[in-house]
Structure formats: structure tokens, C-alpha cells
Protein chains: 2
Amino acid sequence: MTITVPGPTLGVVGGGQLGRMLAEAAAPLGVEVIVLDPTPDCPAAPVARDQIVGDFDDPDAISRLAERTDALTYEIELADPDYLADAGAAADVPVHPTPETLRTIQDKFAEKEMLSEAGIPVPEYRRVDSVADLEAAVEEFGAVMLKARHGGYDGRGNVPVRSVGEAEDAIREVGSVDDPDAVAETFVDFEREVSVIGVQGDGEVRTFPVGENVHEEEILRETVVPARTTEAVKERAQAVARDVLDALDGRGVFGIELFETREGEILVNEIAPRPHNSGHWSIEGAITSQFEQHARAVLGWPLGSTRQRAPTVSANILGTVDETKPATLAGVERVLEREGANLHWYGKDDVRPLRKMGHVTATGEEGRRPSTDALDDLLESTRELRDSLTFQ
Amino acid sequence: MTITVPGPTLGVVGGGQLGRMLAEAAAPLGVEVIVLDPTPDCPAAPVARDQIVGDFDDPDAISRLAERTDALTYEIELADPDYLADAGAAADVPVHPTPETLRTIQDKFAEKEMLSEAGIPVPEYRRVDSVADLEAAVEEFGAVMLKARHGGYDGRGNVPVRSVGEAEDAIREVGSVDDPDAVAETFVDFEREVSVIGVQGDGEVRTFPVGENVHEEEILRETVVPARTTEAVKERAQAVARDVLDALDGRGVFGIELFETREGEILVNEIAPRPHNSGHWSIEGAITSQFEQHARAVLGWPLGSTRQRAPTVSANILGTVDETKPATLAGVERVLEREGANLHWYGKDDVRPLRKMGHVTATGEEGRRPSTDALDDLLESTRELRDSLTFQ
């Protein structure tokens, strides 16, 4: 098969920062992107060919997207898998990752069942359909993290439960007492959180180097690549990530969040069926970015190299404000002046508390295997740089 | 001064591939681009905020561009300097590089006069206002390259003249016998053509590593960075480039084309007041691309690092067709499959003979000082890769 450009047009449900960076990566390949997003002039709009203004679960809007494009994907788990499947079938347009995979991942219980059945290590978990289920899980495990089965992300819908007495209140936080629709997981006593960005192409699979993720209030703050852990742990994380990719259907990039336990074991925490915040480092830090990989994979094109070019840290610029207001980020000169630092602004009109507004990536010296000390320094200096930015 | 994002909006006269890659580089910085171009849906249009459809010398269109933007620049020497100056003044918007610099560079004789007066080495030249002027130049120098003073680019408007008898015909090729409006240069017996991409910011100047340019029929085919020449020649090229930047007014990127003579001297051939084809390698090969540098410089922002990340070759994809037709490039899978190779497609609807349609960049191993042999191999393999692409 020969591949020609101008290439196919890619339809993307969601036009946030992931859609924006996907459009930025696709353009040089001769691939145009049309996004579907409910917010007029969404972050991806200025760099994409076009935006269809519509909801992620509006079947008519998804059909219009399918009719105008040659392949469908999504950058947000809120995309409706049934409508995606219907629109793809009606317009004879492939959907990747498959709607079935999206449906599984949208349900935290189904996701864990799928992984367990594939023999992939996950924290112990119990389905919670009643207060009694949760109480039983707390008694069994001592303490659990209660997670909404559907609709949770960035830690929203996650509630720690440390005693039976907290069960009912916890359930009210994630759902209703009548229908909790939740899952309870054992607390993992982890050494660190790591992730592997994997990409599944047409008969080939690649993984990026293991990243180390620093969370606070369950929101990703920084990613350090390579992770500051042992080679054995990194190899184990890669092996688990490849098993996860084998278990998933459909082409595309998957963000695979992992726990490294105190014993050096790897457990799968969550999977995102799309480019992932912990893979933003790859834009500057790897030969091929996760966004270019996603475009290639969804189109069935050959995948690019995941080789790392330099030690890299990415740091999220979150909304450090108390209330919503028009977004103006000050102090950007410090990022511009720093050797090897790059700003990625997502183009959101308003800043909200803890909203992801952009990120800073800093790369170290090319072609050197960095020491842990060098990575510590790179993390610290990048964090300070990011922290020096303020919303006016 | 603190720099804030969302940043200023940049108005660009010209929406070809340079405007496209400028818009791609500006977006992550929170800088939106509006281009002015006569071709509806020009290459930059899909990735820019907006396009004003109009001619480069349409004063009304340039005024409308100035009114909608915070800073003006241009990606094509055909931009009209007077209208740029007027529009900038009327809308109180800075224009960079300055219209005066553009006016000088648009006139090959004025450009050489400016360089000579600044003590910068250029090939010997004579102003040609009549057939007799050209005959005298041929008698003086033996053989000359006759160049149209205005409007020539990519070798168009350049005619070699080897005897007095060829003078009149040569003048008819570049202009009219009554008003030749030309300049005659000695043929330079050069060892190789090199270039330095320089960037002039607000009180700071930076230069990228020296690139080596392979031309054929006076059109750039490949650029190899670093140039395969001695350290002494590279230092000399850098010094000359810095002198050129000192002599030029206004902020922005300048492409400075140089001859390395057989004696190892450096002469300035031509200057482009904009990002230059021989700087495309910097997108993957340098910490900061020439396009990001241009945006930073025009806005008066701090410049980025010009450090090279890896040995790099860029190879132009030219229109290898006999006549104009809709553009479809085949064989792209070979670029996608090659480790460290990147495609840049410019999004032009039609392919024409020798038209610049895109380029391929290939990077070698990071952090190694490459041997000449390694650069030879990278050039050869990148050229073969590019040559394997065909227009259907």
C-alpha cells in the first residue's frame, strides 16, 4: 500500500487541548482535523480546519462529523460510543480506538474486569451496588478508594473511605444510595506513580519510555521522563503496558497509568484511550510526539519512533485562581528566557480553579543518560519556572 | 516588563509555507496569526486564525490586516514596504523587519551597496543601467552573473553572461534594453554554498549553526547542518552573519546566504528578511525553530536557544512534474517508516514544475558531534528518501 498526501481528514470528538495538539501535529503530515466541541471557538478551533459546534453525545453532530471526515477518533472519554459506532457505520468511516474499547474504559468496573481477565495486575477491587457492598469492601480491605464507575476523571468522583461509618456519605458523594454505580479499590501503598504512553498501530505496537507522574489532589502536576526508578521496574512497566495494549481493541494512543508499589510491583491504575497529559513531554522530548503517533495510528499509517531525545520534564499550568475569570498568564518571559524550556498555551478564554491552562516542557542535554540528581534538578527548576507564572 | 498570554496577534503578509510554519510555531506560545494572501485557502489558512484574501501590494488589504493585529511582518519579499509602513503607522502597529530594510533587500544593487558600505565582503558587482554597462562589466570580470535588481527569487531573473556578445540577449531576459534595472556580479568560484539563519531581537542577536546548501538550477535542494567544512570557515561565516545583522534594521529572522570560496573566504550572496528555506531543519534539529524565533523577535520577546539538538538534513520536495496538476504525493509511507524522518507538507492544491511542495527532515543521533562521513550518509539517505516520493 502506498500512502499519499494530502492525507485523509481526521474527525475528532472533543476540541480541548488534546484536540489542539493533535491538529498541530497532524498539519505537517498533510492531515487536516475537524473537531466537534460544544464550546464555540474551542482550544483546537484556531489550528484545526474546522469545528462543528455540538455536544459530545449529540448523534446528529457526530454524524455530520463522520460525513465530513475519513476517520473518527476522540480526545475525551465523554464521547458517546454508541453514536460513534453508528455514525462511523453510516458514513463508512473507521472509529479508533473502537467504540467497544471506549465503552469498557468508560466503566471503571468493566475496565478492571477486562484487565483482570487478561491476567494484568490491578489493585484489588469490588463492585459497589449498595451501601452494604461498600461496607463489606471496607471490612475486607481496611480502607478503600471509592470511585464512580462512570464519568469520573482527574480524581473527580474519587472518595477515600477509611471506616464503615463513612460508607454512606462517601456513596452520596459519588452517586446515589439507591444506585451507587461505583467500584471500591484497595488503597495501594505505592512508591511512585508512573505511566507508559503506548500506541497501537496497524499490526504494530510501540511504547514510549516510562514517565514518572507527580500528582497533588489527584491532578497531575509534573511528569519526569525517564522515571527515577530502577531499570527492573521500568522493564516491568513496559511489559505490563504491552500486555494492556494487547488486551485493548482498536488503534490509537493509550495513556496507561501505573502504580509502582513499595515492593517494586507494577499495578495498572487507569487507562485513557487517547493521548494523555503524562505524554505531553514527547512533543519536544521524543522523536515522534504522542499526538503525531495518535494521528498515524488512527489512520493505520506506520508508527514513528518513540526514542527519547533528551531528559524531559513537563509541568502543568493549572488555574491558580479562586474563581473563574478571563485568562491572562503573566511572567511568560521567564519561560522564553530559559534554555530548553517551551510554553504550550491551550487558548482557553477563562481560567477556573485547577483548570488545565497550558504546560511548560523543559529538556536537558541531548544524548546523555541522565543521573537521578540531574532529573531532580530538572524537575525542581521546571516546577519553579511554572510556579513563577501567575494569572492576572 | 512582563509578557502575558494570550499574546499579541501577528499579522503576516504572505500565507505560503513560511506563513504556515510560522502559524504552527506561534500557536503554542499563545500567539495567533492572521495572514494576507491572494490565494483563497492558502497554505497557512487551515492552521492560522484567519486569512484576509488580498494582494501583497493591496494597500487596503494591508491596512485591514494591520487593524486586526498587534504586530506586522511578512514572509515574502514581494510585500510592499511603503504600504506596510503606512498601514503600520495608521494602526499604530510595529512592522518588522522594518520597511526600510525590506526596501533595501528588494533591490539587489541597494543591498550590495549597503553591505559594502558596512565593510561586509560581497562578490564584486556593477550596476547595469545599459547594455554598455554590462559589456564593460564582462570585459572587467571576464564573466558575470546578471541579476534583475527587483523581483527575482529562486534564481529567476539570473542569467550568466560569458562574453560581450551575449550581453544584449541577457539583458532582454532580465529586463528591457532601455531600462535593464540589473546588477552584474563576478562569478564566484565557490567551494560550497552555506548559510546562517540569524535572528535579531530586542537588543539581542542570535545565530543558528552554519548550514550547507546544495543547489541545482539555482533552487535549494538540500541543507546539511552542520556544514561539512572547517571550524575556521564556520567561525568566519558566523562572524560575517553577525556583521550583516548589525547592518540591518528591524527585528526578525534573516536568512543569510553565503559563498565559501576556494580560498576559505566568506562572501555574502543574498539576504532574505524572513525565515529561510535553509532554516527549515531547525524545526526538529534545534531547540527553538527559526519560525518560533521569528515570532518572538517580531514581538520583541526574548529569543530562544539556537543550540542544535542533532545532526540534521532537510530535503525539499519539489514539483517533479512536467505540467501543473492537482497535487498528490505518493510513497509517504517510506518517510513515516524511517527513524528520525519527518514530513512537512505545505498544503498546496496544485503541483507545478519545481514548485516547493514540502520538505523532509531527517535527524541523526542526538548529542554527538557528527563526522563528515556520518553527514554524507545522512544527506545521501535523506536525498534517496525524498527522491522516492512521486507525484501521482
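B:S195 sits among other residues whose Cβ lies under 11 Å from its own Cβ, and their net charge, with Lys and Arg +1 and Asp and Glu -1, is -4. A simple count of charges around A:G54, restricted to other residues whose Cβ falls under 11 Å of its Cβ and scoring Lys, Arg +1 and Asp, Glu -1, yields -4.
For segment B:127-218, trypsin sites (Lys or Arg not before Pro) meeting the loop criterion (DSSP other than H, G, I, E, B) and having at most 16 other Cβ atoms within 10 Å: B:R156, B:R162. Can you tell me how segment A:192-240 classifies by the Cα gyration tensor, rounded, prolate or oblate, using a/c under 1.5 as the rounded cut? Taking the square roots of the gyration eigenvalues as a ≥ b ≥ c, segment A:192-240 is oblate.
Given a 1.4 Å probe and the protein chains as shown, B:F391 ends up with an accessible area of around 30 Å². With its label point defined 7 Å out from Cα along the Cα-to-Cβ axis, B:D387 lies at 5.6 nm from the matching points of the other copies, in increasing order. With an a/c value under 1.5 for the gyration tensor axes a ≥ b ≥ c computed over the alpha-carbon atoms, segment B:210-292 is described as rounded. Each Cα pair under 8 Å and six or more residues apart adds its sequence gap; the mean of these over the residue count of chain A is a relative contact order of 13 percent.
Cross-link reach is defined here as a Cα-Cα straight distance under 21 Å, omitting same-chain residues fewer than 8 places apart; for B:K112 the lysines meeting it are B:K147. Share of pairwise Cα-Cα distances greater than 22 Å in segment B:97-209 is 38 percent (whole percent). The phi-based Karplus calculation (6.51 cos²θ - 1.76 cosθ + 1.60; θ = phi - 60°) puts the 3J(HN,Hα) values of segment A:177-191 at 5, 6, 9, x, 6, 9, 9, 10, 10, 4, 5, 9, 7, 8, 7 Hz, whole numbers, x for Gly and Pro. Separation of segment A:1-28 and segment A:116-189, taken as the distance between their Cα centroids, equals 38 angstrom. Volume of the convex hull of segment A:298-392 (Cα atoms only), normalised per residue: 128 Å³.
Of A:I283, B:I266, the residue with the largest accessible area leads and the full order is A:I283, B:I266 (1.4 Å probe).
Think of a 1.4 Å ball rolled over the protein heavy atoms: chain B then has 37 Å² of accessible area per residue.
Summary for B:E67: label point 7 Å along Cα→Cβ; distances to the equivalent points in the other copies, ascending, 3.7 nm.
Among the GluC sites (Glu not before Pro) within segment A:238-279, those in coil by DSSP and having at most 14 neighbouring Cβ atoms inside 10 Å are A:E263.
A dipole drawn for chain A from +1 and -1 charges on Cβ atoms has a positive end, and of A:V214, A:G340, A:H294 the residue lying farthest that way is A:G340.
Of the accessible area of the protein assembly as shown, computed with a 1.4 Å probe over protein heavy atoms only, carbon and sulfur atoms account for 43 percent.
Per residue of peptide B:371-380, the mean number of Cβ atoms on other chains within 10 Å of the residue Cβ is 0. Peptide A:325-333 has a mean of 4 when you count, residue by residue, the C-beta atoms of other protein chains within 10 Å of its C-beta. For chain A, the Cβ-based charge dipole about the Cα centre amounts to some 1360 debye (Lys, Arg positive; Asp, Glu negative; other atoms uncharged). Within segment A:124-186, the proportion of Cα pairs with more than 15 Å between them is 35 percent. The residue list A:V31, A:T382, A:P59 was ranked by how far each Cα lies along the charge dipole of the protein assembly as shown toward its positive end, using unit charges on Cβ atoms, and A:T382 comes out on top.
Between B:L29, B:L18, B:L318, where does the largest GNM mean-square fluctuation fall for chain B, given springs only between Cα atoms within less than 10 Å? Evaluated over chain B, the most mobile residue of the options is B:L29. For the protein assembly as shown, the Cβ-based charge dipole about the Cα centre amounts to some 840 debye (Lys, Arg positive; Asp, Glu negative; other atoms uncharged). Look at the stretch B:334-343: the mean tally of other chain Cβ atoms within 10 Å of its residues' Cβ atoms is 5. Each stretch of four or more DSSP H residues adds -39500 (n - 2.57); spread over every residue of chain A, this sum gives -9000 deg cm²/dmol at 222 nm. Every Cα-Cα pair in chain A was counted, and those over 26 Å apart are 54% of them. Our summary of shape: the Cα atoms of segment A:41-169 have principal axis extents of 53, 33, 23 Å, ordered from largest down, in whole angstrom. Comparing A:R274, A:R228, A:R68 in a Gaussian network model of chain A, where Cα atoms under 10 Å apart are tied by springs, the biggest mean-square fluctuation is seen for A:R68. In a Debye calculation with equal point scatterers on the alpha-carbon sites of the protein assembly as shown and no solvent, what is log10 I(q)/I(0) at q = 0.05, 0.06 Å⁻¹? Taken in order of the listed q values, log10 I(q)/I(0) reads -0.28, -0.40.
In a reduced charge model with +1 at each Lys and Arg Cβ and -1 at each Asp and Glu Cβ, segment A:124-186 shows a dipole moment near 240 debye about its Cα centre.
Charge tally around B:G340: other residues with Cβ under 9 Å, Lys/Arg +1 each, Asp/Glu -1 each, net -1. Relative to the compact-globule estimate of 2.2 N^0.38 Å, the Cα radius of gyration of segment A:190-391 comes out at 1.01. Annotation for B:S116, label-to-label distances across the other copies: 8.6 nm (shortest first, one decimal, point 7 Å from Cα along Cα→Cβ). For the chain pair A and B, buried accessible area totals roughly 4200 Å², probe 1.4 Å, rounded to the nearest 100.
For segment B:9-95, the calculated P(r) over all alpha carbon pairs, in 5 Å bins from 0 to the bin holding the longest distance, is 3, 19, 30, 27, 15, 5, 0 percent.
The values are calculated or read from the model by the stated rules, or taken from the named source; none is laboratory data. This one's a predicted model, so the numbers in the text were calculated from it and none came from an experiment. In this analysis, Cβ positions are derived from the backbone assuming ideal geometry, glycine residues included, and neighbour counts consider all displayed protein chains. Calculation scope for accessible area: heavy atoms of the full protein, side chains included, ligands and nucleic acids excluded. Shrake-Rupley method; radii C 1.70, N 1.55, O 1.52, S 1.80 Å.
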